[in-house]
Amino acid sequence: MIACLLDDSALLALGRGYPALSGFIVDAAAGRAVLAVPALCLCAAEAHRPGIAELPVDIEPLDLSATIPVGRLIGEGIDWRIAQAVAAALPSVVHPEGRVVLSVQPARYQATAIRPIDPGAID
C-alpha cells in the first residue's frame, strides 16, 4: 500500500477535478493507497479557495510531535504551505519508508530533501 500526502496545490487541483489525481483517489477507495492532507496544507488551500476544507479527506494533524520539526523547517526558510508535507514525508516510526508527496507545483520543494510527484507528469 502506498502512503501519500496531498499538498495544498494537489488539494486545489483535486477540487478543480484534476484528472491525473483520480487514479490516486481510486486506489485509496480500493484500499491500495492511503491519502492524507497535512493540516497546514489544508489551511493554505482553504485560504486560496474557501470551502475546500470541507472535502472528505483525512487530515494529518499538526500536533506537538509535528510542530517541532515543521517549525524548524519554517525557521530555515521553507514555505509554511509545504513545511508540514515535507516533515510528514520523511521516514518515521509509523512510515519507515517515508511518504510520497503529491503536488502540482513540485518546484516549491527544490530546497528540501523531498521529491514530490506531479500526477499530471506521470506517463
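Tabulated results
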quantity: Yes/no for R81 being basic (K, R) and either crowded, with 17+ Cβ neighbours inside 10 Å or in a loop (DSSP other than H, G, I, E, B) (or both); calculated: yes
quantity: Residue in region 91-116 that is farthest from A10 (Cα to Cα), counting only those that are without any contact (Cβ under 8 Å) to a residue 40 or more places away in the chain and aliphatic (A, V, I, L, M); calculated: V93
quantity: Residues located in region 34-54, provided they are in contact with a Leu (Cβ under 7 Å, 6 or more places away or on another chain), outside any helix (DSSP H, G or I) and aliphatic (A, V, I, L, M); calculated: L35, A36, V37
quantity: Qualifying residues in region 24-52 (those that are of a type in the set (G, A, S) and closer than 19 Å to Q105 by Cβ) - the one surrounded by the most Cβ atoms within 10 Å (Cβ to Cβ); calculated: A45
quantity: Answer from E97, E60, E76 - the residue that is out of contact with any strand residue (DSSP E or B) (no Cβ under 9 Å at 6 or more places or on another chain) and acidic (D, E); calculated: E76
quantity: Residue within region 8-28 that is in a helix (DSSP H, G or I), in contact with a Phe, Trp or Tyr (Cβ under 7 Å, 6 or more places away or on another chain) and closer than 23 Å to G120 by Cα present; calculated: no
quantity: Checking D27 against (1) of a type in the set (D, E, K, R); (2) touching a Cys at 6+ places or on another chain (Cβ under 6 Å); (3) modelled with pLDDT under 90, the condition it does not meet; calculated: (2)
quantity: Test: residue in region 37-47 that is free of Cβ contacts under 8 Å to residues at least 60 places away in the same chain and in contact with a Pro (Cβ under 9 Å, 6 or more places away or on another chain); calculated: yes
quantity: Residue list for region 48-77, restricted to those being within 17 Å of A10 (Cβ to Cβ) and either touching a residue at least 40 places away in the same chain (Cβ under 8 Å) or not small (G, A, S) (or both); calculated: H48, R49, I52, E54, L55, P56, V57, D58, I59, E60
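The values are calculated or read from the model by the stated rules, or taken from the named source; none is laboratory data. Source: prediction; values computed, not measured. Methodologically, a virtual Cβ is constructed for each residue, glycine included, from the backbone with ideal geometry; neighbour enumeration extends over all protein chains shown.
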